[in-house]
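Report on one structure; see the data block that follows.
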Amino acid sequence: MSEKQTVRVFKNTYKQNENQPEYTNKKQMLYGEERDVAVWVNQDKNGNDYLSFVIKDAEEDGAKPIGVPSPPPVESKPKEEVDLPF
């Protein structure tokens, strides 16, 4: 008999386009391993709603979670030379 596992997902408040999941959860424990979970709500050709899941190995800290866009790159300006008094 297999062990029952529970998965919790939360509304993706960072969603900015249709390719990002409606629900996500980072580092969910499944069968003793950390997993990232994403869920999309889709419709088949007959208009019936269904859920599509992606479960993958958890990303390391600092990595982009499923469905969260990367922030825009920050422009770095050259540092001004400082004339030190010594």
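Table for the structure above
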read-out	value
Residue match in the range 48-59 (condition: more than 14 Å from the chain's Cα centre (by Cα), at pLDDT 90 or above and surrounded by 10 or more Cβ atoms within 10 Å (Cβ to Cβ))	yes
Search result, residues across the range 1-47 that are buried (at least 17 other Cβ atoms within 10 Å of the Cβ) and either hydroxyl-bearing (Ser, Thr, Tyr) or over 16 Å from the mean Cα position of the chain (by Cα) (or both)	TYR23, THR24
Where GLN43 falls short, out of the listed (1) in contact (Cβ under 8 Å) with a residue 12 or more places away in the chain; (2) touching an Asp or Glu at 6+ places or on another chain (Cβ under 6 Å)	(1)
Single match in PRO71, PRO21 (criterion: assigned to a loop (DSSP other than H, G, I, E, B) and either at pLDDT 90 or above or in contact with a helix residue (DSSP H, G or I) (Cβ under 9 Å, 6 or more places away or on another chain) (or both))	PRO21
Any pair with Cβ under 7 angstrom, 6 or more apart, that starts in the range 2-13 at a residue that is more than 15 Å from LEU51 (Cα to Cα) and ends at one that is in a loop (DSSP other than H, G, I, E, B)	GLN5/TYR31
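The values are calculated or read from the model by the stated rules, or taken from the named source; none is laboratory data. Given the structure is predicted, the values throughout are model-derived calculations rather than measurements. Reconstructed Cβ throughout: ideal geometry from the backbone, glycine too, with neighbour counts over all protein chains shown.
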